[in-house]
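What follows is a single structure, written as structure tokens, with notes after it.
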Amino acid sequence: MLRLPPFRYYAPRSLEEALRILSDHGSQARIVAGGTDLYPKMKRRQIEPAVLVSVRRIPELAHLAGTGREGVTLGASLTLARVLAQDELVLAYPALARAFAMVAHPPVRSMGTVGGNLCVDTRCTYYDQTFFWREALGFCLKKDGTTCPVAPGGTRCWAVSSSDGAPVMIALGARLRLVGPRGERTIAAEEFYRDDGIRYLDKEPEEILVEVLLPPQEDWKSTYWKLRRRGSVDFPVLGVAVALRMESGWCREARIVLGAVGSCPKRIREAETLLEGNRLEPDVIAAVAHVVARSVRPLKNTDFLHLYRKKMASVFTQRALRELAGASLMDEASAC
Amino acid sequence: MSGFNVIGKPWPKVDALPKCTGETRYADDLHFPRMLYAKILRSPHAHARIRRIDVSRAQAVPGVHVVLTGRDLPTRFGILPVSQDEEALCVEKVRFVGDPVAAVAAVDEWTAEEALRLIEVEYEPLPALLTMEQALAESSVRIHEYGDGPNIHKLVSLEFGEVAEGFAQADYVREDIFFYAGSTHLPLEQHAAVAHYGPDGRLTLWSSTQTPHYVHRALAKVLGLPPHRIRVIAMPVGGGFGGKSDPFSHEIVVAKLALLTGRPVKITLTREEVFYVHRGRHPVLLWIKTGVRRDGTITAMHVRSFLDGGAYGSYGVATTYYTGALQTVTYKIPRYKFEGVRVFTNKPPCGPKRGHGTPQPRFALEVHLDKIAEDLGLDPIQMRRRQIVEAPSLTVNWLRISSCGLRACIDRVVEASGFREKFRRLPFGRGVGFACSAYLSGAGLPIYWNDMPHSGVQIKIDREGGVTVFCGSADIGQGSDSILAYIVAEILGILPEDVRVVTADTDLTPVDLGSYSSRVTVMAGNAAVEAAERLRRLLFRAAAERLDVPEDQLLARERRIFDQADPERGLDFAEAVQLAEARFGTLGAVGSYKPPKAPGRYKGAGVGPSPSYSYSACVAQVRVDPETGFVQVEKIWIAHDVGRAINPRLVEGQIHGSVYMGLGEALMEEHTFHSRLGVHTAPSMLDYKSPTPLEMPEVECFLIETEDPNGPFGAKEAGQGPLLPIPPAIANAVYDAIGVRIDEIPITPEKVLKGLEDKARGGSGRVGPTSIPSLTWPEPIRVEPPPEWRSSGDLT
Ligand SMILES: Cc1cc2nc3c(=O)[nH]c(=O)nc-3n(C[C@H](O)[C@H](O)[C@H](O)COP(=O)(O)OP(=O)(O)OC[C@H]3O[C@@H](n4cnc5c(N)ncnc54)[C@H](O)[C@@H]3O)c2cc1C
Ligand code: SF4
């Protein structure tokens, strides 16, 4: 079998200790939570840290408090399965529940954490491969190489943001609390992501994501639609997260965020503006979907043809909006 | 059947408990003291000459025991005597990304891996031929030096009766071209092998193999050891599906490493390596032309198949013939022409995957017939049903049909599914499709020519009545060990739990050719019947004397031997055993089986004959999302003529597994490669898309029993046949749902949308290949059909 490379493993019991170990080892060190993303990548030698610092024993990261009415705090090291077992939370934040419930498959959800999900590495057909494979094809920019076969001639990496949680957190207006050697900061989820396949997070390597702050949901309605080939296991190759603040049938505020069609989750502001101040009528929905599909530019580095994914951006946006408008979409749920 | 005690009942498998509790030991579970671990260095090039290999740095790594290269194992091997084209480690050339080049034995896998990285190989890259078209066009670049032409492994051309005459008699002639993508077996267990060379000068290999006998022969050949000093033990196999039926490089490599080090050596392939080792479904481009009368009666058929073989021969010659051989065993085809070519390309070698060479032509044939029925305004069921082969009969290509339950199969699924009420009547987006198929119950000929039995069984019996059955067959999860136990228990009148089964050990068990071509139940089963009956005769003779009852009046059941006329009068089984041993000495019996001689006498007649053919009919119901192109299979109704279900539960298990595998091929599985470099684009279980349980539809099975005269208790095969109708039934259902023909497997969402968009623009909506490579076919071997077909020209 593929073997993990040797590494030193620390399991600190406090944030201070974790930060100290991280800064002691600098770029050699890496944070690990459930390891469901990191360990397979280490086996394939995509990431080769000499030191791993587990965050799972740090009490602050296991925090879970609040309600949909007052807002919820989700500790970064809670497993997805644990979050999904919170009925109240599932009801209050349906988009989040949908997204987490569609991550991978049950064993991964039992190990994988909220923080790990939000920090999950970007993915690419040319990168998520073994060392042997990458050597046979020629190493790429993201690891060990100097060119990008996806966009030859370019200087940037187009690896795909593949977290189901990320677009939803942005749509819900979540804030993230990070603690690092230079102190603490709380930022909007949207600011956490960068449009760069390699440096995809706006985060220092030693910074720890401590918790996610979900705002009160009040009049917000939300949903998440995910494209993947199979009903389980697969990463998203398109995610559509929509949150709308509705007032007696009128959309007052909208957030539409597309996942897995670029290196970071993408807010489609033009589409949001189109919705705001309107009812969810078929022509509005069609116009919004059109703008969404026009605004994304998936490349040939995931499952499915890239043009198909672009087309589906429109279909899935329509379905998400129709669902929020109250249509029963049982018949269409199969492609989600 | 009331007449039986064991046969026909849903007994648990004999190995069910150890498998459920995790006690079963697979090859990778074996651990020996002082064991070393092997790893194989593989080629990063699709096609290259090996200029130089320097292993000195690898050899110097502490913990490394031996580094091997091709020079250490220069003898070529391969499963078929006509295609001995593999080297355990490539000597001069590599032919695909993943071809083995060097191997290391070290104290652990980390050390072995580190050493691999230090082996320096200098390659001279050669042009990579990655498609059949390229390989046929570039005759100056040769992947192999042998074959029927430049990069042509095998060319076949056979004509049975005058097809031109048949087409002339047709009222309607239709041609179609289909493509069926390559796919892999995806067993959960990755191949593993352990070798040990003892101080007694004997080599033992434990391996996850379906064919220990063939591995035994290949090891003897490549290692140059006398076969009696080699013992091959097939461990319980965690899924084979044809992917573990060749002798493999890694088996030979660990054996050689064990010879050189005197220590046990183990190798377990990574999942990625399993994709390179492959031997999966051949991608097949297939052209088919059929002439029919106005009522759909077939007057002639002509098939051309192009097989993309990958880099080595494997079973490919047989596969090539199989793409042409079995079209004739479902419907009466009075004149038939088959041309087939297998092309070498610089990709992992294809081989036998469940259905071996027949799902591709079956897909083509059943969709093609559906189109013909529609063109002529005929009921697709009735059109097929009217021309089902007779039993007994000989097909135009000399295959002997001994039993055929296809009509009953069709009737069961058509009725159960409500096909007639649904066909062309469901709302847009929903549809039903129908297809039939047939498969062989074991290849009629062995892989290397010989006159010996294909399967042997030996039975030993102890004084307390315990029975041990020895047979070379390998249980790969299909339940062949259990079948042996049921059959012997039935005949001796004991219970399956009284029987111990020892299989797949070349030192202990008589030869069985292996678990391929759906042969084991029929062949090892018949051998077991013979051995058990011989033993029963001894027991009856002794019991008859003691009970003073005529032998032919005795019955063995429920662990007793008794007088049918007076059941009180009898003996315990163990008592009878003791009497017989006292009377005849040590008890034991052997049985063996060789299939009936194939009636065909032409070159190529060796592929296709079988003791019997199983039949299946299937209705698939699908829902197609016209916006996303997703196809959801809602339900499968499938009836399978299994001759007799020795254990109905196992048969249903095989059917469910076949449906699953057929579903994956129909909708998503596909081997894809980088177009220039030939690197497999998805060598992992995450990226190679195979359905999850969520995609699995409800399956309703019907078992049809025709009691075949050549099967043990009338049994035929169940392991492969039920896969065949699934892809065409789904394709036909997709057409019924949205009016778009996807003549290309897999039917992906992208293709469905492409078809719908084409149709919306006024096109036909068909998606699929439109041409076949031009190729000069050799003059066909003209074969006179069996007498009953010769007059069929006068049918008019
Ligand atoms: C087969 C398979 C399928 C998958 N499918 C999906 C899918 O459909 N959708 C999806 O979103 N994901 C998927 N994943 C990815 C992953 O398993 C999940 O996203 C999971 O939630 C990651 O959490 P983890 O705790 O295991 O992360 P880890 O592997 O522990 O960490 C992931 C990354 O986050 C960093 N990190 C973790 N915690 C913190 C923290 N508190 N602060 C700072 N950095 C941190 C790590 O350094 C690492 O870079 C899949 C994985 C597999 C193996
Ligand atoms: S987008 Fe290019 S650079 Fe980035 S991972 Fe893929 S191949 Fe490598």
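The values are calculated or read from the model by the stated rules, or taken from the named source; none is laboratory data. Please read all numbers here as calculations on a predicted model, not as lab measurements. Cβ: placed from backbone, ideal geometry, glycine included. Neighbour counts: every protein chain shown. Areas reflect the complete protein model, heavy atoms only, side chains present, ligands, DNA and RNA absent. Shrake-Rupley method; radii C 1.70, N 1.55, O 1.52, S 1.80 Å.
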Computed label-point distance, nm, for sites A:Arg279 and B:Ala565 using a 7 Å Cα→Cβ extension: 9.4 nm
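For the peptides A:186-195, B:357-366, B:240-249, A:156-165, what is the packing order when you average, over each peptide's residues, the other Cβ atoms within 10 Å and list the highest mean first? Could the numbers behind the result be given before it?
Values: A:186-195: 17.1, B:357-366: 28.6, B:240-249: 26.9, A:156-165: 25.2.
With the highest mean Cβ count within 10 Å placed first, the list reads B:357-366, B:240-249, A:156-165, A:186-195.
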At a probe size of 1.4 Å, how large is the accessible area of A:Arg57, to the nearest 10 Å²? 130 Å²
TM-like helix rule applied to chain B (DSSP H, alpha carbon span at least 24 Å on the long axis, mean Kyte-Doolittle at least -1.0) gives B:359-376, B:520-547, B:648-667
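With a Förster radius of 22 Å, plug the Cβ-Cβ distance of B:Glu92 and B:Lys221 into 1/(1 + (r/R0)^6) and report the FRET value to the nearest 0.05. Spell out each step's value before the answer.
Numbers: r = 19 Å, r/R0 = 0.88.
Efficiency at R0 = 22 Å is approximately 0.70.
How much length would be gained if the chain were fully extended between A:Arg294 and A:Glu204, taking 0.36 nm per residue of separation minus their Cα-Cα distance, in nm to one decimal? Don't skip to the answer; put the middle values down first.
Numbers: separation 90, 0.36 × 90 = 32.40 nm, distance 3.31 nm.
Going from the current span to full extension adds 29.1 nm.
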For region B:693-796, what is the relative contact order in percent, using Cα pairs closer than 8 Å and at least 6 residues apart in sequence? 14 percent
To the nearest 0.05, how large is the calculated FRET efficiency for B:Glu698 and A:Met1 if R₀ is 35 Å and r is the Cβ-Cβ distance? 0.50
Here the relative contact order (percent) of chain A, from C-alpha pairs under 8 Å and at least 6 apart, is 16 percent
When Cβ neighbours within 10 Å are restricted to other protein chains, what is their mean count per residue of peptide B:104-116? 1
Between region A:230-303 and region B:660-718, how far is it from one alpha carbon centroid to the other, in angstrom? 37 Å
Chain B, relative contact order in percent, only Cα pairs under 8 angstrom and at least six apart counted: 16 percent
Quick check for you: which residues of region B:28-65 have the amide N under 18 Å from the point 7 Å beyond the Cα of B:Arg76 toward its beta carbon? B:47-50
Which value in nm describes the separation of the simple spin-label points at B:Gln382 and A:Leu307, placed 7 Å from the Cα toward the beta carbon? 4.3 nm
Sites A:Ala11 and B:Thr24 - FRET efficiency at Förster radius 30 Å, r taken between beta-carbons, to 0.05: 0.30
Residues of region B:207-247 with backbone N under 16 Å of the label point set 7 Å from the Cα of B:Leu188 along Cα→Cβ are B:236-241
Mark the label point 7 Å from the Cα of B:Gln553 along Cα→Cβ and return the residues of region B:566-589 whose backbone N is within less than 18 Å of it. B:566-572
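Looking at the protein assembly as shown, send over the antiparallel percent of its DSSP beta bridges, to the nearest 5.
On the way: 144 of 186 bridges.
Percent antiparallel among DSSP bridges in the protein assembly as shown is about 75.
Would you work out the charge dipole size for region A:1-114 about its Cα centre, treating the Cβ of every Lys and Arg as +1 and the Cβ of every Asp and Glu as -1, and quote it to the nearest 20 debye?
Details: 15 positive and 9 negative charges, 117 e Å.
Taking the Cα centre of region A:1-114 as origin, the dipole is about 560 debye.
Quantify how strongly other chains surround peptide B:677-690 by giving the mean number of their Cβ atoms within 10 Å of each of its Cβ atoms.
So the per-residue partner count for this stretch is 4.
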Alpha carbon centroid spacing (whole Å) that separates region B:406-442 from region B:555-582: 49 Å
Any idea how far apart B:Arg601 and A:Asp144 come out in nm if each label point goes 7 Å out from Cα toward Cβ? 6.2 nm
Using a 10 Å cut-off around each Cβ of peptide A:127-140, what is the average number of partner chain Cβ atoms that fall inside? 5
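Which order do the peptides B:415-423, A:290-298 come out in when sorted by mean C-beta neighbours inside 10 angstrom, highest first?
Details: B:415-423: 15.9, A:290-298: 19.6.
In decreasing order of mean packing, B:415-423, A:290-298 become A:290-298, B:415-423.
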Based on alpha-carbon centroids, what's the gap between region B:214-268 and region B:328-403 in Å, whole number please? 37 Å
